[in-house]
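Presented below is the structure to which this report refers.
The values are calculated or read from the model by the stated rules, or taken from the named source; none is laboratory data. Predicted, not measured: the structure shown is a model, and the values here were computed from it. Glycine also receives a Cβ, built like all others from the backbone with ideal geometry; neighbour counts cover every protein chain displayed. Surface areas here come from the heavy atoms of the whole protein model, side chains and all, with no ligands, DNA or RNA. Shrake-Rupley method; radii C 1.70, N 1.55, O 1.52, S 1.80 Å.
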Protein chains: 4
Amino acid sequence: MIKVGIVGGSGYTGVELLRILSAHPEVRLTTITARGDNGTKVADMFPSLRGIVDLAFVAPEESNLKDCDVVFFATPHGVAMSHAKELLDAGVKIIDLAADFRLKDTAEFEKWYGMPHACPDILSEAVYGLVEVNREAIKKARVVGLAGCYPTSVQLGFAPLLTQGKALVNESALIADCKSGVSGAGRRAAVGTLFPESSDNFHAYGVKGHRHLPEIVQGLKALTGNTRDIGLTFVPHLTPMIRGIHSTLYATLTPEARDIDFQALYENHYRNDPFVDVMPAGSHPETRSVRASNYLRIAVHRPGNSDTLVILVVEDNLVKGAAGQGVQSMNLMFGLDETTGLKQVPVLP
Amino acid sequence: MIKVGIVGGSGYTGVELLRILSAHPEVRLTTITARGDNGTKVADMFPSLRGIVDLAFVAPEESNLKDCDVVFFATPHGVAMSHAKELLDAGVKIIDLAADFRLKDTAEFEKWYGMPHACPDILSEAVYGLVEVNREAIKKARVVGLAGCYPTSVQLGFAPLLTQGKALVNESALIADCKSGVSGAGRRAAVGTLFPESSDNFHAYGVKGHRHLPEIVQGLKALTGNTRDIGLTFVPHLTPMIRGIHSTLYATLTPEARDIDFQALYENHYRNDPFVDVMPAGSHPETRSVRASNYLRIAVHRPGNSDTLVILVVEDNLVKGAAGQGVQSMNLMFGLDETTGLKQVPVLP
Amino acid sequence: MIKVGIVGGSGYTGVELLRILSAHPEVRLTTITARGDNGTKVADMFPSLRGIVDLAFVAPEESNLKDCDVVFFATPHGVAMSHAKELLDAGVKIIDLAADFRLKDTAEFEKWYGMPHACPDILSEAVYGLVEVNREAIKKARVVGLAGCYPTSVQLGFAPLLTQGKALVNESALIADCKSGVSGAGRRAAVGTLFPESSDNFHAYGVKGHRHLPEIVQGLKALTGNTRDIGLTFVPHLTPMIRGIHSTLYATLTPEARDIDFQALYENHYRNDPFVDVMPAGSHPETRSVRASNYLRIAVHRPGNSDTLVILVVEDNLVKGAAGQGVQSMNLMFGLDETTGLKQVPVLP
Amino acid sequence: MIKVGIVGGSGYTGVELLRILSAHPEVRLTTITARGDNGTKVADMFPSLRGIVDLAFVAPEESNLKDCDVVFFATPHGVAMSHAKELLDAGVKIIDLAADFRLKDTAEFEKWYGMPHACPDILSEAVYGLVEVNREAIKKARVVGLAGCYPTSVQLGFAPLLTQGKALVNESALIADCKSGVSGAGRRAAVGTLFPESSDNFHAYGVKGHRHLPEIVQGLKALTGNTRDIGLTFVPHLTPMIRGIHSTLYATLTPEARDIDFQALYENHYRNDPFVDVMPAGSHPETRSVRASNYLRIAVHRPGNSDTLVILVVEDNLVKGAAGQGVQSMNLMFGLDETTGLKQVPVLP
């Protein structure tokens, strides 16, 4: 049994980790921390876990974590990197759901997150946690910086186009119009995500610049083998639903790509990925079709046979976009089948 | 493996059966029917089941069902009773999620459902499917008429009070103020449950008389050993949420009951029921704490130490109020532990 | 033109006052305050008011308010009473949307609100702002303590029963099962009312005791001419909608009341109240039927001709339960028709 | 007073017309029809209108409509054109909220709506009802084919770019990623827009081709003075909210347009339009900022100073996208100020 610790168990990605890991056949949850809630029973904060998780929150001190085989950080940015060295020295693997180990360029990290990076050496060994792209590297990783929720959907949506050796689309003018449920904003007191503010309402945000933009661009560029530059317009929107991300991606075909069968291209690209579902031509995937599951579904359209390709991608931001992807990575890091404990059927309606 | 058929697989209770049964370790789904959708692949109608359920809908003819060990009817009222005799004769057990085998009095059935009962003899052998009340009888049943969604929450909420030999509350003036998510109205085209009608809106319905009223009264009376009459005011309300029932129950204490420790009474009553959770004193159970799970949670209050007892009950109407309760019953009918395949962790947020 | 000031213009009742008063034909908005937002233009905080309200927030100092004819306090408890004396001395009338001038018993105020009352003398002259009950007194008032949102619906729902000289129902065991939209919790950062917490969820709260309980009991007793005691069980619930309160009231008929025509009783009681609508027998009022309007609708039921009377009441908690009732009171205090500026048609869907 | 008739008063645009027109100072509602509901009182179907609209539905026969000065058709496609000639002959003006008088090319109409056009001659005189583009023509029109909900937001969002004589953006590759509330699907029984299907869910639809596409293309081309061709990718999405459209528009700058101040361009373009609000640079308009009002708000972004322009547009689909635009047109047709009866303040929260 893998001994698992969770730092930051009181947020949405934390409680989602608890939901998944408490039913994982190869995991024993040993330590859960939450700042300011030491001593509180997990099930008192989340009655959904009554009779399922019997632990209490402890302080996020390393002494409480060093006996784990792996620790998930479901914390704000900056926490994982401050604990990384001591845990690695104790032989504990690290999976960070925040941004500490995503951006390879520390200057970029500092620019977007407003703090210097605490451990550039560890950052340089960290593996970017997007399984379908980095599966082999994740198997060998000691530190995984999990892909963000938006970046997962955008990268997996564009990947079959960008990994073909030559450019199939105008890679300097990609567009990602993304819509997220409100749980993406996290479980912290804020006016903007109150029910009366978010319900029956829709708006864009961060059009000027969003922290996920440099992560996505870095990832898309990596998909080209770092051989070509990427220009991306990324517009996230807040949508009145709890879970789910729907990314609508636009790309302009290059002249030589006009005869490609993109449906076949996508199906072929993902034929061995158990959690990526390329839907039949003409489909409109719904976010609820992946609700509370680790699946991500894609549909490829070329309306009016024009040169604009439209790719629709849905995922559950808390599962494939966070906790589920973390468990999928953990499975690989410990030699398990990547689907172990991740076969929850989507909840519909 | 138990060979299972589902009649009416395109409604909400049908697709919920599919979600649960497709992951049940002792079940093989063999037959799924849906009127008018013969030949359609289940996963084409419900993409959430892509890669999970590989069957297509077939016609609801008995020849398609006779090889099953058990058939679930997730159909409108009147369907199960028209198939019951032939299936029983073929050795197939029946679990009806509709009302055909709930009301023991055929005149009551005819009054509330507007049709004569097709098989009073089978009705008389049918067992009322409320596991926590009828566990032993369900184990031996050939036909189970599952408790309705509201009736489940109201009966389990009142049960500890009514089963004590003498009346602890004024049983002629019970009140059940119940709130249901919209999935309770089923998956059929209707104006009243459109999103723009049901969202950001709240109203009562059926105050004059609702089909669940006679079922609840029959059940509450049975809880007294059919020794005392029941008077119940039942007011259901439609609530802008997908899943969940919250029943707020009111009962007036008899003078001799004033010194009882009701918290202890409830905890003791349900100490051996794996799916009923009596929460700590002072709790306010949330519907989401049981979302997509078979749990039902109860809290007992006595505000201001007055003579009015307030019992709060939450369940997922599609699970404990329908499909989950059906699987729980099936487990018992086939000698399995009643929790087999039903340990889904509630989905929060 | 009445010169109007608003203290606390950045909350939900504040912005609702702005919506209504900005279109009121006899009002000129002169001063709007919001703690911590001095200098911010109102329309920058609430773009819905762009081109409609041209003011900026100023500090909540009395010097900014003394030129007003009337000041609305849309603030937390405790603010209005700290400004009352100075404003009254300056000839400014006061309408408080919080609780400072509701409870006549200062000990009760201190018990429920955790602070001593700052001006018991002004409290004793203050009029309780429930127009349909206190119309004449409001006309002459200098200080109005507006009825709370729940109390408005419960008192107007029970009023026709309690004002008849003799008890028609068991007044020691009244029940109010109330459901409120989330805007009732106010516009302040809090985890419990975040969208992902409140959406697709339903729960009771404050069953042990809620601040509106003593206010309602005081009001119901006043309806009997303070001749009879009231026993009330009050259970509020949080409902996933923005606006609206639905109160479901239960009362047990006294034997001598069994032959009364309650439909006629209610219609007659409210025949001269322009904002109270007694709906036809058998109706189930919807909260959206009063959305964004000052109407309150009532339906009276006696299910199964039993002795339990069920009264359904809907209102918009921010209008008839707060800002609208405030403007209705202001109209009376300044000799206007009470409907002036309050004829907004409910918004449906 | 203008005598107004409404054909199709039982749908969402019909009841919205009733809400607005019942409070319009220059209008007298004389006739309201709804197929299958003759004799029903309007306020019995929509209790929100109790005490406000006193009419009953009558049959949609011309004899009931010929005394009107103007008739609104809030009906499915095909109805208005079948009544147009008789009404015009009787001197009645026509405002159609459906598509009968939108597409100038009858072949296009037949292709997208599956029926031949009943009166091409009337179509040729009909004016396209988008006030900010066609104000002068609408003043003189006998027949107005109102712009659709999506087309209004897309055309007004692109208009300042397309009306400049020379192309500022690549007009052959425009993108409109549009999100609509569910009321846009109308008030008719359908499974796909049930609350349990649409809530907590998000998906695109009609990517292959949507009826609004040819209308938008026709309109955008007209904005160029019919001098240049338009290529548009239009992807509509269904969003879990009642009202509101958010259109996110993308356009690629031509090299010579790189130095233009687009904020100034937009502000200048709409400086005389009372219902179009160009928000300050950097804004993210919310749909609720126009809820239940006739305003449309626009923000212009150029993220990272790249060549991709992003325009955000919000409107209430039932007001500026339908009923409000209809009343705005009517005001012009009858010589009134276009804002008459349309100054409802947006409802927030």
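Observations, loosely collected:
- For the protein assembly as shown, the Kirkwood estimate of hydrodynamic radius, built from reciprocal distances between every pair of different alpha carbons, is 33.2 Å.
- Take residue D:1, move 7 Å from Cα toward the beta carbon, and the resulting point lies 3.0, 7.4, 7.9 nm from the same point in each other copy, nearest first.
- If R0 is taken as 35 Å, the Cβ-Cβ distance between residue B:89 and residue A:306 corresponds to a FRET efficiency of 0.05.
- Cα convex hull volume per residue for segment C:1-56 (Å³): 68
- Sites residue B:124 and residue C:256 - FRET efficiency at Förster radius 45 Å, r taken between beta-carbons, to 0.05: 0.50
- Computed on the Cα atoms alone, the convex hull of segment C:2-125 gives a volume of 100 cubic angstrom per residue.
- Projected over all directions and averaged, the alpha-carbon convex hull of segment D:251-349 occupies 7.3 nm².
- Across peptide B:300-306, the mean count of Cβ atoms from other chains lying within 10 Å of each residue's own Cβ comes to 4.
- Kirkwood-based shape ratio for segment D:150-317, expressed as Rg/Rh from alpha carbons: 0.97
- Per-residue surface analysis assigns residue D:230 an accessible area of about 30 Å², computed on protein heavy atoms at 1.4 Å probe radius.
- Square roots of 5 times each gyration tensor eigenvalue, C-alpha, segment B:153-214, largest first, Å: 32, 11, 11
- For residues of B:275-283, the mean tally of beta carbons on other chains within 10 Å: 2
- Within 10 Å of the Cβ of each residue in A:286-295, the mean number of Cβ atoms contributed by other protein chains is 6.
- Rounded to the nearest Hz, the phi-derived 3J(HN,Hα) couplings of segment D:125-132 under the Karplus curve 6.51 cos²θ - 1.76 cosθ + 1.60 (θ = phi - 60°) are 8, 5, 9, 6, x, 10, 4, 5, where x marks glycine and proline.
- Overall, the protein assembly as shown carries a charge dipole of about 0 debye about its Cα centre when +1 sits on the Cβ of Lys and Arg and -1 on the Cβ of Asp and Glu, all other atoms neutral.
- Working note: 222 nm ellipticity from helices only, DSSP H runs with n ≥ 4, each -39,500 (n - 2.57), summed and divided by the residues of the protein assembly as shown, gives -8000 deg cm²/dmol to the nearest 500.
- Put simply, the C-alpha atoms of segment D:224-280 give a gyration tensor, and the ellipsoid matching it has half-axes of 24, 20, 13 Å, longest first.
- Quotient of C-alpha Rg and 2.2 N^0.38 Å, computed over segment A:82-235: 1.13
- Segment B:250-307 and segment B:130-193: distance between their alpha carbon centers, rounded to Å: 15
- Protein accessible area in segment D:150-317, 1.4 Å probe - carbon and sulfur %: 47
- Comparing C:78, C:148, C:219 in a Gaussian network model of chain C, where Cα atoms under 10 Å apart are tied by springs, the biggest mean-square fluctuation is seen for C:78.
- Cβ-vector label at 7 Å, residue B:125, separations to other copies in nm: 7.0, 7.8, 8.4
- Residues of segment C:58-96 with amide N under 12 Å of the 7 Å Cα→Cβ point at residue C:40: C:58
- Cβ-based net charge around residue D:224, under 15 Å, with every Lys or Arg adding one and every Asp or Glu removing one: +1
- Ratio Rg/Rh, restricted to chain A and using Cα atoms, in which Rh is the Kirkwood radius: 0.96
- Here the relative contact order of chain B, from alpha carbon pairs under 8 Å that lie six or more residues apart, stands at 17 percent.
- Ligands, DNA and RNA are left out, and with a 1.4 angstrom probe the accessible area of chain A is 32 Å² per residue.
- The charge dipole of segment D:2-125, taken about its Cα centre with unit charges on the Cβ atoms of Lys, Arg (+1), Asp and Glu (-1) only, comes to about 360 debye.
- A 1.4 Å probe over all protein chains sorts B:291, D:302, A:28 by accessible area into A:28, D:302, B:291, starting with the largest.
- Ordered by solvent-accessible area of protein heavy atoms (1.4 Å probe), largest first, the residues D:3, B:111, D:104, A:208 come out as A:208, B:111, D:104, D:3.
- Unit charges at the beta carbon, dipole of segment B:2-125: most positive-side option, B:38, B:91, B:103: B:38
- Around residue B:131: net Lys/Arg minus Asp/Glu count, Cβ-Cβ under 11 Å: -1
- By accessible area with a 1.4 Å probe, ligands and nucleic acids excluded, highest first: order of D:330, C:1, D:45: C:1, D:45, D:330
- Shown here for segment C:117-154: trypsin sites (Lys or Arg not before Pro) in loop regions (DSSP other than H, G, I, E, B) with at most 14 other Cβ atoms within 10 Å, of which there are none.
- Per-selection metrics, segment B:172-258 (Cα): Rg and Dmax in Å: 15.7, 51
- Nearest-20 debye value, segment B:40-192 charge dipole, Cβ charges on Lys, Arg, Asp, Glu: 420
- Local net charge near residue C:149, Cβ-Cβ under 11 Å (Lys/Arg +1, Asp/Glu -1): -1
- Checking every one of the trypsin sites (Lys or Arg not before Pro) in segment A:149-187 against DSSP loop status and a limit of 15 other Cβ atoms within 10 Å picks out A:166.
- In this assembly, the B-C interface accounts for approximately 3300 Å² of buried accessible surface in total, computed with a 1.4 Å probe and without ligands, DNA or RNA.
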